[in-house]
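K.L.:
The following block contains the structure, expressed as structure tokens.
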Amino acid sequence: MPRITDVALGTKDVRGHRERVVPGLHGTVVEIGFGSGLNVPLYPEGVDVVYAVDPSAVGRKLATKRVAESSVPIEFVGLDGEHLRLDDASVDDALSTFTLCTIPDATQALHELLRVLRPGGRFHFLEHGLCPEPNVARWQHRLNGLQQRIAGGCHLDRPIDRLVRDAGFDIRELRNDWFRGPPPSKPWGYLYEGVATKPDS
């Protein structure tokens, strides 16, 4: 799967969506679902260090060149986004792109991000998920089981905005968009691009 996602999620179209969610990241950042490092060339100048979390050794190998060329230090700090090996309130910002669809317990992963973020810290996210259009949503539900079997556990129908809010974040910015593609691709193409913050208290 890491080789497939490196290609499928490394297109010019997808990069454009990534470019909209990384601005504003600063200081110490944790990125869950680091994968092959497709976000690395896009980290803004204000980022001091990135703590990368990903379970795939293949993904880390594919990321080698991007990590070596990065002006931002990148440290691999764990394999599991549901159990981050970081102290409470130890990072300034967090980043997740095309990750919450696949993590087995997305709610637990979001709670972990909330734990490690400092008060007021921001969570930048780019995810695909449940579409509000009933016809598209019906197909997402129908195809979800097959999608999980062939795409490494990826879910088509997770309501990303609700998951983020229910975990305790305040969503400050949210944009919904689509991947480019013909109508039959819509179940895979509904996007959530946003920034949420950890409450100050």
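K.L.:
In degrees, nearest 10, range 0 to 90: what is the angle between the Cα axis of helix 12-21 and the longest Cα principal axis of the chain?
P.N.:
50 degrees
K.L.:
Still on this structure: Work out Dmax and Rg for the chain from the C-alpha atoms and quote the Rg first, both in angstrom.
P.N.:
Here Rg and the maximum Cα pair distance are 15.9, 45 Å.
K.L.:
Additional query: When the chain is modelled as a GNM with alpha-carbon springs shorter than 10 Å, which of 58, 116, 50 fluctuates the most?
P.N.:
58
K.L.:
Given Cβ point charges of +1 (Lys, Arg) and -1 (Asp, Glu) and nothing else, what value in debye, to the nearest 20, does the dipole of the chain about its Cα centre take?
P.N.:
800 debye
K.L.:
Right, another one. Which of the listed residues, 21, 185, 38, is farthest toward the dipole's positive end in the chain, when Lys, Arg count +1 and Asp, Glu count -1 at the beta-carbon?
P.N.:
Result: 185.
K.L.:
Return one number: the angle in degrees, 0 to 90 and rounded to the nearest 10, between the long axis of the Cα atoms of helix 106-116 and the longest principal axis of the Cα atoms of the chain.
P.N.:
20 degrees
K.L.:
Let me ask you something else. Residue 177 to residue 135: FRET efficiency via 1/(1 + (r/R0)^6), r the Cβ-Cβ distance, R0 22 Å, to the nearest 0.05?
P.N.:
The value I calculate is 0.75.
K.L.:
With a 1.4 Å probe and every protein chain kept in, tell me what percent of the accessible surface of region 5-48 is carbon plus sulfur.
P.N.:
Details: 950 of 1800 Å².
Result for region 5-48: 53 percent of the exposed heavy-atom area is carbon or sulfur.
K.L.:
What is the magnitude of the charge dipole of region 1-95 about its Cα centre, with +1 placed on the Cβ of each Lys and Arg, -1 on the Cβ of each Asp and Glu, and no other charges, expressed in debye to the nearest 20?
P.N.:
On the way: 10 positive and 15 negative charges, 127 e Å.
It comes to approximately 600 debye.
K.L.:
Further question: Compute the relative contact order of region 1-65 as a whole-number percentage, counting only Cα pairs closer than 8 Å that sit 6 or more residues apart in sequence. Walk me through the numbers before you get to the answer.
P.N.:
On the way: 81 pairs, mean separation 24.4, N = 65.
Dividing the mean separation by the residue count of region 1-65 yields 38 percent.
K.L.:
Here is a follow-up. In square angstrom, what is the accessible area per residue of region 56-98 with a 1.4 angstrom probe? Present the calculation step by step, with values, prior to reporting the outcome.
P.N.:
Values: 2330 Å² over 43 residues.
I get 54 Å² per residue for this part.
K.L.:
If you don't mind, there's one more thing I want to ask. What range in the chain is the longest one free of trypsin sites (Lys or Arg not before Pro) that are in a loop by DSSP and have at most 13 other Cβ atoms within 10 angstrom?
P.N.:
Maximal segment without exposed cleavage sites: 86-179.
K.L.:
Relative to the longest principal Cα axis of the chain, at what angle does helix 134-150 sit, 0 to 90 degrees, rounded to 10?
P.N.:
Helix 134-150 sits at roughly 70 degrees to that axis.
K.L.:
Where is the GNM fluctuation largest for the chain (alpha-carbon springs, 10 angstrom cutoff): 107, 64, 28?
P.N.:
Maximum among the listed residues: 64.
K.L.:
Suppose a student asked you for the relative contact order of the chain, using Cα pairs under 8 Å spaced at least 6 residues apart; what percent would you report?
P.N.:
Taking the mean separation of contacting Cα pairs over the length of the chain, I get 20 percent.
K.L.:
Now for a different question. For region 100-201, what relative contact order do you get, as a whole percent, if you take Cα pairs closer than 8 Å and at least 6 residues apart?
P.N.:
Once divided by the residue count of region 100-201, the mean separation gives 39 percent.
K.L.:
Suppose every Lys and Arg Cβ carries +1 and every Asp and Glu Cβ carries -1, with no other charges. What dipole size does region 96-201 come out with about its Cα centre, to the nearest 20 debye?
P.N.:
In total the dipole reaches around 160 debye.
K.L.:
May I ask you to work out the translational diffusion coefficient for region 132-200 at 20 °C, viscosity 1.002 mPa s, via Stokes-Einstein with Rh from the Kirkwood sum over Cα pairs, reported in whole µm²/s?
P.N.:
Result for D is 161 µm²/s.
The values are calculated or read from the model by the stated rules, or taken from the named source; none is laboratory data. Remember, it's a predicted structure, so these values are computed and weren't measured experimentally. Cβ coordinates were reconstructed from backbone atoms using ideal geometry, including for glycine residues, and neighbour counts include every protein chain displayed. Side chains included, ligands, DNA and RNA excluded: accessible areas come from the protein's heavy atoms. Shrake-Rupley method; radii C 1.70, N 1.55, O 1.52, S 1.80 Å.
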